[in-house]
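Inspection log for the structure reproduced underneath, given as structure tokens.
The values are calculated or read from the model by the stated rules, or taken from the named source; none is laboratory data. As the structure is a computational prediction, the values presented were derived from the model and not from experiment. Ideal geometry is used to build each Cβ from the backbone, glycine not excepted, and the neighbour counts take in all protein chains shown. Quick note on the areas: whole protein, heavy atoms, side chains included, nothing else; ligands and nucleic acids left out. Shrake-Rupley method; radii C 1.70, N 1.55, O 1.52, S 1.80 Å.
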Amino acid sequence: MPRHSQLLHAQREPAPPRPAATVLLLRDTPQGIEVLMTRRSMTASFAPGAYVFPGGGVDASDAAAHAQASRRPKRGEVQSGQSDLHLTQAIAAIRESFEELGVLIARRANGTTCDNSDIALLDRKKPFVPQCAALGLQLAASEVFVLAHWITDRDLSRRFDVPFLVARMPEGQTPVADEAEQFEPVWVRPADALARHQAGDFFIIFPTIRTLERLQDFASVAAVLSACAATEQPLWTSCPRAGLLAGREARYMEHESPFGELALVSPDGQIVHALDWGTHQPVPLLKNVIRLTAPNAGLMTGPGTNSYLVGDPNTGYIAIDPGPNDAEHIDRLWRAAGGDIRQIVCTHSHPDHSPGAQPLQALCANAAHGLPPILGLPSAATANEYSQFTPNRSLLNNELLRLIPREHTGDLPDKTGFGHSLKVVFTPGHAANHLCLVLLEDGLLFSGDHILNGSTTIVNPPDGEMTAYLDSLDVLTAACAEHGIDFILPAHGYVLGHAPQAIAQLKVHRLKREAKVLQAMQAQPKGSMDDWVAQAYDDVPPRMWPMAKRSMLAHVQRIEAMG
């Protein structure tokens, strides 16, 4: 984890989340699934006026009512059955759906489903479970499944830890809002709710939006319940993070590109970090890490090449990947470092990474500490004419690049902890001379083009080689374990969080792609690269196939080498 001393914003303790439960009541229609939603009171303390699913806080009476509810048993070795926690949550959701909407998810003693005649015997303002017990009704908790698990964003003063449960709407019942907490019950298709929200006449909050987006992929209520029953675990879990986009709050789940960057910059949930891509202003990520993005956005470079400055005014800076030879970008990089650049490192020799090194070095000609050396690995003989690079000095694998505070310049301790230490890790694959850097004190990996955010990198033979690329992913996985790396700072895109998982997912993706390449080769043994790419990359827009063929060739060569 980054040192607390390097965080940009003062630490704070987010409000503790309170346990709650909500339930999506579903029904099938000829047009698809519909879900029951209601409008919250305009005076509600949380999400006033929003359309929501019924639910509320979990209280002690819910945990004490297990004997009054049915429970799903364990089935086989995989399905663990309904846990005590999930049973309590289901009871809370059943209670809330009755109190708010008059919907009763329960069965009579003879096993038949309750209807409006049973509901008429219950008082929604009196304790719920004792009334059911008196009438011999059993809460149908076994028919309520966990769909998702949401934890309210860290920036909010009122937070909830809430499962989103699902159940089939009992037949023969009509929802009636309590007209106190909930109003205007409405059945709506997920796609229609999202469209109405987009049009501005159906206000829903972030977790509701994301839940409806996923729900619309299911064809029937049975399909939803079957998916949930298969694992007895949430299909997804999220505690979103928020940043600023075009000056407005924007929230993101863990799998979305900006999430890792928000976790690094605002770990306690402060909504302060702007996510707009620009080339004119340095973007502080920590006190000792600054990003500047070159103005070379495009199909292959995304928003542009990220150059990084590591260090502080008391140590000077190491510049990582100065980018293309763009005079304005190089000048901004130099100025952001106050002219105090001690070393320039290029992760590899591609033309969007290394050509800016010599012009940046030249800007430092009058620096008191002398010209900063250009470091990296020279381009291999396999590099094309646009990727030629010769550093002032070649780096060694596992070498340490140190920035020491001025008061310690005469004392260079062997251990890290003074200033900032970058460890060199050789990672051939994307390019034969590719390397990554680990900021040891803060657990950050500068991944160059080996790992990107939002896309997979091109492995282009002969300078790119797929087996080397995959082996280098294993090297980085080991580095994450050794150095406690949590965040990856790529040369293109936002910061990635959960570094070990991100690397593992990338390797799985590559091997799945390779399996599709092999299938295409086997299906068309005399086919061309054009034939194979259409099958192996059928999930990629055809306009991307010319670039995809480069990596596919690397997969083909690897498959052939393995026999």
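Look through segment 328-361, keep the residues that are small (Gly, Ala, Ser) and touching a helix residue (DSSP H, G or I) at 6+ places or on another chain (Cβ under 7 Å), and return whichever of them is farthest from Asn296 (Cα to Cα).
Here the answer is Ser349.
So is Ala67 touching a helix residue (DSSP H, G or I) at 6+ places or on another chain (Cβ under 6 Å) and within 23 Å of Thr113 (Cα to Cα) or not?
So Ala67 fails the test.
Could you figure out which of (1) open to solvent by less than 50 Å² (accessible area, probe 1.4 Å); (2) of a type in the set (Ser, Thr, Tyr); (3) within 25 Å of His498 (Cβ to Cβ) isn't true of Ser220?
Here Ser220 clears every test but (3).
Counting residues that are aliphatic (A, V, I, L, M), which strands (runs of 3 or more DSSP E) fully inside segment 1-92 reach at least 3?
Filter on segment 1-92 gives 18-29, 32-40.
Out of the residues in segment 240-260 that are free of Cβ contacts under 8 Å to residues at least 40 places away in the same chain and in a strand (DSSP E or B), which is least open to solvent (accessible area, probe 1.4 Å)?
The residue in question is Gly243.
Taking only segment 335-362 into account, find how many residues are part of a loop (DSSP other than H, G, I, E, B), in contact with a strand residue (DSSP E or B) (Cβ under 8 Å, 6 or more places away or on another chain) and over 15 Å from Thr315 (Cβ atoms).
Qualifying residue count for the region: 7.
Looking at segment 364-390 only, could you name the residues that are within 34 Å of the chain's Cα centre (by Cα) and not in a loop (DSSP other than H, G, I, E, B)?
Residues satisfying the conditions are Leu375, Gly376, Ser387.
Does Ala263 meet the test of being in a helix (DSSP H, G or I) and under 22 Å from Gly302 (Cβ atoms)?
It is true that Ala263 is in a helix (DSSP H, G or I) and under 22 Å from Gly302 (Cβ atoms).
If you take the residues of segment 427-465 that are outside any helix (DSSP H, G or I) and acidic (Asp, Glu), which of them is nearest to Ala479 (Cα to Cα)?
So, considering only residues that are outside any helix (DSSP H, G or I) and acidic (Asp, Glu), the one nearest to Ala479 (Cα to Cα) is Asp449.
I'd like to verify a number: residues in segment 168-193 that are modelled with pLDDT of 95 or more, open to solvent by 40 Å² or more (accessible area, probe 1.4 Å) and within 30 Å of Leu139 (Cα to Cα), how many?
Selection size over segment 168-193: 3.
Return the residue satisfying two criteria in turn: it lies in segment 513-537 and is part of a loop (DSSP other than H, G, I, E, B) and touching a helix residue (DSSP H, G or I) at 6+ places or on another chain (Cβ under 8 Å), and of such residues it is surrounded by the most Cβ atoms within 10 Å (Cβ to Cβ).
Top of the filtered list is Tyr537.
Any idea which of Arg95, Arg196 is touching a helix residue (DSSP H, G or I) at 6+ places or on another chain (Cβ under 6 Å), closer than 23 Å to Met42 by Cα, modelled with pLDDT of 95 or more and not polar (S, T, N, Q)?
Arg95
A quick yes/no check of all residues on (1) touching a strand residue (DSSP E or B) at 6+ places or on another chain (Cβ under 9 Å); (2) surrounded by 20 or more Cβ atoms within 10 Å (Cβ to Cβ); (3) at positive phi; (4) of a type outside the set (Gly, Ala, Ser):
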{"site": "Leu470", "(1), (2), (3), (4)": "no, no, no, yes"}
{"site": "Tyr494", "(1), (2), (3), (4)": "no, yes, no, yes"}
{"site": "His498", "(1), (2), (3), (4)": "yes, no, yes, yes"}
{"site": "Ala504", "(1), (2), (3), (4)": "no, no, no, no"}
{"site": "Asp539", "(1), (2), (3), (4)": "no, no, no, yes"}
{"site": "Met544", "(1), (2), (3), (4)": "no, no, no, yes"}
{"site": "Ala554", "(1), (2), (3), (4)": "no, yes, no, no"}
{"site": "Glu560", "(1), (2), (3), (4)": "no, no, no, yes"}
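One residue is enough: does segment 8-18 have a residue meeting the conditions over 30 Å from Gly484 (Cβ atoms), aliphatic (A, V, I, L, M) and open to solvent by 10 Å² or more (accessible area, probe 1.4 Å)?
Within segment 8-18 (the criterion being over 30 Å from Gly484 (Cβ atoms), aliphatic (A, V, I, L, M) and open to solvent by 10 Å² or more (accessible area, probe 1.4 Å)), the answer is no, since none of the residues qualifies.
Name the residue, out of His430, His483, His492, that is closer than 21 Å to Leu400 by Cα and modelled with pLDDT of 95 or more.
Going through His430, His483, His492 in turn, the sole match is His483.
Which of the residues belonging to segment 270-295 are among the small types (Gly, Ala, Ser) and modelled with pLDDT of 95 or more?
Ala274, Ala294 - these are the residues of segment 270-295 that are among the small types (Gly, Ala, Ser) and modelled with pLDDT of 95 or more.
Does Ser394 fit the bill of being of a type in the set (S, T, N, Q), at pLDDT 95 or above and under 35 Å from the mean Cα position of the chain (by Cα)?
No; evaluated as a whole, the condition is false for this residue.
Return the total of residues in segment 544-563 being among the basic types (Lys, Arg) and under 12 Å from Gly464 (Cβ atoms).
2
Could you please find all residues in segment 271-313 being touching a Leu at 6+ places or on another chain (Cβ under 9 Å), touching a residue at least 40 places away in the same chain (Cβ under 8 Å) and polar (S, T, N, Q)?
If the condition is that a residue be touching a Leu at 6+ places or on another chain (Cβ under 9 Å), touching a residue at least 40 places away in the same chain (Cβ under 8 Å) and polar (S, T, N, Q), then Thr279, Asn288, Asn306, Ser307 are the ones that fit.
Let me spell it out: the conditions are (1) of a type outside the set (Gly, Ala, Ser); (2) closer than 30 Å to Ala242 by Cβ; (3) outside any strand (DSSP E or B), and Phe98 meets all of them except one. Which number is the exception?
If we test Phe98 against (1) of a type outside the set (Gly, Ala, Ser); (2) closer than 30 Å to Ala242 by Cβ; (3) outside any strand (DSSP E or B), just (2) comes out false.
Please work out if Glu232 is surrounded by 14 or more Cβ atoms within 10 Å (Cβ to Cβ) and of a type in the set (Asp, Glu).
Yes, satisfied.
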